[in-house]
Amino acid sequence: MKAKHQRLTLAVLALVALVGAGVLAAFALQDRANYFYTPADIVAKQPAAGQAIRLGGMVEEGSIRHEADGVTVNFIVQDGTARQAVMYTGITPDLFVEGSGVVADGKLTSDGTFIADSLLAKHDENYVPRELEGIDMTGNMTKTDTLVE
Amino acid sequence: MIAEAGLIALWLAASMAFLQFALSAIGLVKGQDELFKAIRPVAIAQGVLVAISFLLLVWLFVRSDMSVKLVVANSVAIKPLIYKISGAWGNHEGSMLLWIAIMGVAGACIGIFERNLKQKTLVTTLGAQAFISIGFYAYLLIASNPFERIFPVPADGQGLNPLLQDIGLALHPPTLYIGYVGLSIAFSFAVGAMITRDVGPEFAKAMRPWVLGAWVFLTLGITAGSYWAYYELGWGGWWFWDPVENASLMPWLAATALLHSVTVLATRDGLRAWTLMLAVVAFSMSMIGTFLVRSGVLTSVHAFAVDPERGSFILALLAIYIGGAMALFALRVGSVKEGSQFEPVSREGALVANNLLLSAILGIVFIGTLYPLFVEGMSDEMISVGPPYFNLATGPIALILVAIMAAGPLLRWRRDSAKALLNRISIPVFLTAAALFALVLFTTSMSVLPLVGMALAAGIAVASFAPLWKRNLRRTPMHTYGMIIAHFGIAVALVGMASETSFTEERLVAATPGDEILVNKWKIKFEAIEPVAGPNWTALEARVTAQYADETIHEIAPQNRMFASAQMQTSEAALLTRWNGQLYVVLGDSDEQGRWQLRIWWKPFVTLIWYGGVLIALGGLLAMIGRLRRASHQKKQRAYAEAMI
């Protein structure tokens, strides 16, 4: 094999590897990417039950209800226009409180409840999940400074 | 005054970088050698000045100088000293200053230690290094000045995010940054070599220790980051495919490919263009990672501030540096003559396979990480790409890669026969088959990837030592031991990952003091809840005793901490480590009936993941030391031979 041929073979192999990776990636992305929904999106787009989705919004005031088993929590996520019931079994994140932002990964059941596998709450005072930036939450926020007095 | 001194030092360092670039550029164009003599001292001066600037920032944090905006925003007077120091880089501006400081010091190190490179290539390399630095200096001085004062001076600072008040934070970012920025040296070497058209074994031998060094730090940084996320976040996971984790993984993948291809270039003078390409890609990945993390386009614990102006600045820097290097590569690749040839079944062949597969994994991680941004740009939909995608797409390729890793070191350079290879590798193959058989027979809960992974690990663990077969152990070079240990580390980590994925047991309970919980062979008793206080926090602490089988009883204490300064809570998981795994207990909330949530995991052999990571880094370190020693030894011999003549 001549040097030129070997070089060409290597280039073709590299191309095949990268294209292969791309194809594999595209294939895997098709059914494994989670689409982000707000409660209003769920009303509008009606995602199928069982499909993996990511739900984001504000935890409605007075909606957090702890179940008798001590580890399951039910609450409502709202975005100002629609509401979505969520059930989660596990330890809630440190910053999970009523009126604050939350992002939940999980799926809808056939009766319309959202079963969350994981919850992500606001990380710190400077951080709002990127998906929630556009949502107006001023009306529902607990003001921390009024609590101090 | 300290803040002003720091800023002046930073400006001086920036002007040194400019001088360094100018000297190199003028010297090259005019061919004036006397200009070259000045470049080493200038590079060293730049490194010293920027290091001083960074140390002054740390000093401001240690003194809690509340007249500096950055200290106010990220520190508080009552805080343990170590977190005051680490607070200096636990924020946007400080971390960028750390980045440029490491870059300056790395340039100075080239100036002091690099003696193997041809002068012209060295000068071009230092010029390229300075050119990159200039952009980051401009970024710091224009868009994110860490020494900005605040007026009126507040009484106290706002404190550091409690999640970041941890020994992990003190060590993880600097380690990772040294790795990221160390790759800039490989990048500059490649640019220098492309400009001077000096690509060959000598160049590869000069570049290799730097690549190895950067890679060792990257490996350690990723390992430390993984362990930090594991115990600090309280989610019990060790890798989340979070964009920021991916941002550190991508340079590592490229650097791993690079350090293998550079060996082909050094030993056999092959893969010239490919090695240059990888050197460019590796540092590009570091910069893209920095962009993703620091610009705030992706959300994560690591995104300090969302600031579009800064994002565009870094994006522009990226475009200039990556685009420039790629353009240079396209211009010069034709004139880079390919070196010697090899047969498909050979050491080179295996290393090419290693490179292609690593590139494929890199491509998949890259696509998955950036795809959400792309979708958002194209439509108004938002998506997230998580573990299901990454595990499915990278897992199988990674397993093929590690299988080739077992065979590669047993192949001869240039040409070998498949039959001879099968002979040499028969024992590991048999072990893998046996392990596969046993696992299928005796376990029930394993899915395909962990199953194959664990079986392969059994074979690799043995195969990694096979290069020592029938060799004089004392005469085997140190870098060979380095390779063996690193490859063995992969097997160790693989066992940990497969075991954690397949055999973890989890219980989630609401318990009242006095309750007993059984997990695997553990008998866990929830004794009491007590309040405790630390230097800047108060906590509720659960007193828990745990007993494995009939062994001694251990006490552990998971906590829920409240930080006075930030009004936020973090949960501190309690870990109990045995040789065969870790018990992981998290305390949750209480309810009206006085019950407390406890989440308990038993994770068999999970620690092997990080032990494996440390072994991999140790292997890299040995290889680097071995190479450096051999180079200096050969130099002495050459000098001696010349003296004899």
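Okay, here's what the table says:
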| read-out | value |
| --- | --- |
| Estimated distance in nm for a label pair at residue A:27 and residue B:312, the labels positioned 7 Å out from Cα along Cα-to-Cβ | 4.2 |
| Semi-axis lengths (Å, descending) of the ellipsoid that matches the C-alpha gyration tensor of the stretch B:386-426 | 30, 9, 7 |
| Percent RCO, i.e. relative contact order, over the stretch B:1-165, from Cα pairs under 8 Å lying at least 6 residues apart | 36 |
| Net charge dipole size for chain B [Lys, Arg +1 and Asp, Glu -1 on Cβ; Debye, nearest 20] | 3420 |
| Neighbouring partner chain Cβ atoms per residue of B:355-363, average, 10 Å criterion | 5 |
| Theoretical FRET efficiency, 1/(1+(r/R0)^6), r = Cβ-Cβ of residue B:62 and residue B:564, R0 25 Å, to 0.05 | 0.75 |
| For the stretch B:186-419, average projected area of the Cα convex hull in nm² | 14.4 |
| Unsatisfied cross-links (Cα-Cα over 18 Å) in the set B:205/B:635; B:523/B:603; B:30/B:205; B:37/B:635; B:120/B:636; B:37/B:636 | B:30/B:205; B:37/B:635; B:120/B:636; B:37/B:636 |
| Highest to lowest packing among A:10-19, B:518-527, scored as the average C-beta count within 10 Å | B:518-527, A:10-19 |
| Between the stretch B:477-494 and the stretch A:13-52, the alpha-carbon center distance in angstrom | 37 |
| Per-residue Cβ neighbour rank within 10 angstrom, fewest leading, B:33, B:515 | B:33, B:515 |
| About the Cα centre, charge dipole magnitude for the stretch A:57-127 (Lys/Arg +1, Asp/Glu -1 at Cβ), debye | 180 |
| Relative exposure of B:540, B:357, judged by other C-beta atoms within 10 Å (fewest first) | B:540, B:357 |
| Ranking of B:440, B:68 by count of other Cβ atoms within 10 Å, fewest first | B:440, B:68 |
| Furthest towards positive pole of dipole, B:385, B:22, B:103, structure part chain B, Cβ charges | B:22 |
| Shielding by partners - mean other protein chain Cβ count within 10 Å, residues of A:68-75 | 5 |
| Unit charges on C-beta of K, R, D, E only; dipole of the stretch B:485-624, Debye | 360 |
| The stretch B:461-512: C-alpha gyration tensor shape, a/c 1.5 cut-off, then a/b vs b/c | prolate |
| Inter-label distance, nm, simple model (7 Å from Cα along the C-beta direction), residue A:35/residue B:333 | 3.8 |
| Gain upon complete extension [residue B:473, residue B:29; 0.36 nm per residue less C-alpha separation] | 154.8 nm |
| Sequence-separation-based contact order of chain B, relative, with Cα cut under 8 Å and 6+ spacing, percent | 11 |
| Those trypsin sites (Lys or Arg not before Pro) in the stretch B:46-145 that DSSP places in a loop and that have at most 12 other beta carbons within 10 Å | B:115 |
| FRET E, pair residue B:529, residue A:109, Förster distance 30 Å, beta-carbon r, rounded to 0.05 | 0.30 |
| Debye intensity ratio I(q)/I(0), log10, chain B, q values 0.06, 0.07, 0.10 Å⁻¹ (C-alpha model) | -0.37, -0.50, -1.02 |
| Shape call, the stretch A:35-134: gyration tensor on alpha carbons, a/c limit 1.5 | oblate |
| Spin-label pair residue A:74/residue B:38, simplified geometry with 7 Å Cα→Cβ offset, distance in nm | 7.8 |
| Full-extension gain in nm, residue B:319 to residue B:156, via 0.36 nm per residue minus C-alpha separation | 54.6 nm |
| Selection from B:209, B:94, B:455 lying farthest towards where the dipole of chain B points positive, charges on Cβ | B:209 |
| Computed E for residue B:118/residue B:55 - FRET, C-beta separation, R0 35 angstrom, nearest 0.05 | 0.55 |
| Share of alpha-carbon pairs per 10 Å distance bin for the protein assembly as shown, given as whole % | 2, 12, 21, 25, 21, 13, 5, 1, 0, 0 |
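Since every read-out is calculated from the coordinates, none of them should be taken as a lab result. As the structure is a computational prediction, the values presented were derived from the model and not from experiment. With ideal geometry, Cβ positions are generated from the backbone for all residues, glycine too; neighbour counts draw on all protein chains shown.
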